[in-house]
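Take a look at the structure below.
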Amino acid sequence: MTRPDAHTRYAELAAGHALNALEPEDEQEFLAHLEACELCEHDVVEHRTALAHLAYAPDAAEPPAALLEGIRAGVIASGRPVSWPSEPEPPPTSLSADRDRRADRTRMRRAGALTGIAAAAALIVSLGAWNVSLQNDRDQQLALGDRLSAAVRELGRAETVPLTGTDGVVVAVALLYDDEMSLLVDGLEVNDAGTTYVLWGKSRSGDIRPVAAFDVTGEMFDLRERLQLADGVADVRTLMVTREPGRLAPPLPTQPVLASGTV
Amino acid sequence: MTLPPSRPGAVAPVGATAPNDPVDGYDGLDDRGLLARVIEGDGGALEALYGRYGRACFGLARRILADEQFAQDVVQEVFLTVWRDASRFDASRGGFSTWLLSMTHHKAVDAVRREENLRKRRTTAEALETRESDAPLVDDAVWSLLRRERVREVLATLSDPQREALTLAYFGGYTQREIAGLTSTPLGTVKTRMLAGMRRMKDSLDGLSNAAEPTTPTVPRTQP
């Protein structure tokens, strides 16, 4: 331990260190000193404890729901085995849910790096909270919550394929199982009765076949559960979405690809 | 097709047990107990810790960064660090909340220094004033309100130069040398003021618990 009468300089550095306010050279010097100085270690602990109180001085603000959703998505994406007491519940709804959702999209645009399971998880949990908050009917809320929870749980054993629009934004996520698929859609326009969205699968050999036709019924996500993959697309390598005229999927795409992703 | 699981809080069928449902809940667990569960991979325990401290972490990061989105990013990273490296917590170096808030401060300061345009040059007087924000203010628990008032009272007992040095460092993310420049004060004087202010604050706050106020758990539990 350093003698107290020679310690004033380090005592000052300890305060600066706790405040993260040291210059790099001072920080380096202090850290080297800290390894061997119990007095400074004690000082730093006391300073940090006092500063933890100071953290409460600003006015309290409710964190956006997207924050907890992001943490959940990060936990799921971390790859660490995780258990939940029950499936994650959508965070409390708030009047700012719509703004949060827009912020989520902005975040996803900005991040850009969210891929695979992380993107799917982030999309699912964020959309889950948003939709539940907007639904008025309690039964619908419960059903939607159940379906989202099921999807979140199944992420762990599904291969996830984000489908990205031409502007680089993820508009849907496919969850692939052995011979089934679920599809989460968000960001596609509502289609009218004269058109239908078609999900296409392109095989390694280049064959393209329709996997499923679906409608987007409102400005909310759609979860299409357990679509049976058509014969011939078991070795699908690319998924694509088009919006086709009529109510049935044509044999081949006739319209521009709106979104795509690689398995 | 698999039947969807029950929604949390829904009445489970007799005899049904949700996978990984803990035998007991989180209410009775202190921070270390929750952290032990996080180490075991209990995501609910992490959410319980978020329920206790997420608001404080977010408030701190938001104050330092003056940006909601960056504050979210910082707090998310903090809790994911807890998730990944909970065993890094060393109880001999202070309580969990101290560790958590210290980490939040560190990451927020790093961020504000990286994003220089975020840094709002604030005067001491502004540092603790209510800023306009998009984030909705919350109705505080009485306990939380009292703590905030107590901390502000303690800050008010510091001399103006001490308070200025502390708030510019803690909420502004400025280094000692930057504070010296901002306040036209010799660097040595800034260091001395900072230490004196810290000591005075520590003496005044002694006895005030750092534990979180009781909160409603964020994760409802299924009734056994």
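If packing is taken as the mean number of other Cβ atoms within 10 Å per residue, what is the order of B:158-165, B:75-82, B:90-97, highest first?
Numbers: B:158-165: 20.0, B:75-82: 23.2, B:90-97: 15.9.
The packing order, highest mean first, is B:75-82, B:158-165, B:90-97.
Can you pull the mean other chain C-beta count within 10 Å for peptide B:81-94?
Numbers: counts 0, 1, 6, 5, 0, 0, 0, 0, 0, 1, 0, 2, 6, 7.
Mean number of neighbouring Cβ atoms from other chains: 2.
Backbone phi angles across segment B:185-191, fed through the Karplus curve with coefficients 6.51, -1.76 and 1.60 (θ = phi - 60°), yield HN-Hα couplings of 10, x, 4, x, 5, 4, 4 Hz in residue order; Gly and Pro are listed as x. Counts of other chain beta carbons within 10 angstrom of each beta carbon in peptide B:173-182 average 3. Where in segment B:54-68 does accessible area fall by at least 50 Å² between the isolated chain and the complete protein assembly, at a 1.4 Å probe radius? In segment B:54-68, residues shielded by partner chains: B:Arg55, B:Phe58.
Chains A and B together bury roughly 7200 Å² of accessible area, counting both sides, with a 1.4 Å probe on protein heavy atoms only.
The values are calculated or read from the model by the stated rules, or taken from the named source; none is laboratory data. Model, not experiment: these values are computed from the prediction. Cβ atoms come from the backbone with ideal geometry, glycine included; neighbour counts cover every protein chain shown. Just the protein is used for accessible areas: all its heavy atoms, side chains included, with ligands, DNA and RNA removed. Shrake-Rupley method; radii C 1.70, N 1.55, O 1.52, S 1.80 Å.
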